[in-house]
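Some notes on the structure that comes next.
The values are calculated or read from the model by the stated rules, or taken from the named source; none is laboratory data. It should be emphasised that the depicted structure is a prediction, and the values quoted were computed from it without experimental measurement. Virtual Cβ from ideal backbone geometry, glycine too; neighbours counted across all protein chains shown. Keep in mind that these areas ignore ligands, DNA and RNA; they rest on the heavy atoms of the full protein, side chains included. Shrake-Rupley method; radii C 1.70, N 1.55, O 1.52, S 1.80 Å.
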Amino acid sequence: MSGLAVRAAAAVRSPEGRAPEDRPAALDYFRDLLTPFGEKPDEELLNRGAHVQHRDLVDLLVADEGVGRSRPELLVVTHALPDVVPFTAVAPHMTDRLGGRAANFAIAQQGLAAPFTALRIASAYHRAGRASEVVIAVLEQTTLPTPFPLVQDTPLIDSAAALVLGAGGEAGAGTDAEDGLRFVRAHSAASAAEALGADALGRDIGEDGTLLVLGPWVTGDVPESPAVHRVAPGSYCTSLWLELADHWQEWRENHRRIVLCDTDPRSGRSHVALFARGEG
């Protein structure tokens, strides 16, 4: 069975905000959530936020033609920061917009590791014959009930990305399966240098045809690569996936392997995903 390859992708950055909804109910929820920890919601901070909900981000991703026409058997929503109004089950909502037949769930509380975990799960589902098409959504909204330095100090923007993954090459493009940008593996390590080492990656990062995509949180020395793309600051868990959504077709044409790497600023662990053209 061929591996999962990128068929379509979409990116959303800084969408228009909305007026706060369900404000009394949301404040009651946040009070109940925070009081046991000796905190209370910062109403001024909440009022200043854009109030872009995860549901809004999903609807914008689905509006993209490539994502919107997909009919996945598995759909995974990932995020590192919570929803501003946590009253919508977002994975079922997105599934409903994409045909309604996918097994669906969300991965959270893993920081920027969540999309990498989603890729490993998607690959396992596909190898088991349980999903020939998968959608992974990475969501990030920045309106929070308490100060969070990662959001305010960076600062972060509201953003989202989606990948449609399926067997073979790009859907509908007449692309041979060997030319598809396939997911090969994902792993983590204590540092970027270790995660990108030949022992962890299974190959030398300096091989010709490899593009190394470094997220904004990678610091310190990394192995040399003939081609490096640095992602600009402004996002936490969406950074690599926004760039992949924007450039995957160009990168597939110009490089044989795409290595995505970022380091979670909260845990210090580095995470890597390898995509390759024509490799299993």
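Points to keep in mind about this one:
- From helices alone, the chain scores -8000 deg cm²/dmol at 222 nm; the rule is -39500 (n - 2.57) for each run of n ≥ 4 DSSP H residues, then divide by the residue total.
- Candidate residues Thr117, Thr88: accessible-area rank, largest first, probe 1.4 Å: Thr88, Thr117
- Accessible surface, the chain, averaged per residue in Å² (probe 1.4 Å): 43
- Sparse packing (at most 15 other Cβ atoms within 10 Å of the Cβ) combined with a DSSP loop state is found for none of the chymotrypsin sites (Phe, Trp or Tyr not before Pro) in segment 234-273.
- Computed over the alpha-carbon atoms, the chain gives an Rg to Rh ratio of 0.98, Rh here being the Kirkwood radius from the mean inverse distance.
- q = 0.11 Å⁻¹: log10 I(q)/I(0) that the Debye formula gives for segment 20-134, counting C-alpha atoms only: -0.46
- Selected from Ser70, His51, Pro82, residue furthest toward positive end of dipole (segment 43-86; charges at beta carbon): Ser70
- With every protein chain in place, the chain: carbon and sulfur % of accessible area (1.4 Å): 47
- Dipole magnitude for segment 225-280: computed about the Cα centre from +1 point charges on Lys and Arg Cβ and -1 point charges on Asp and Glu Cβ, it is near 180 debye.
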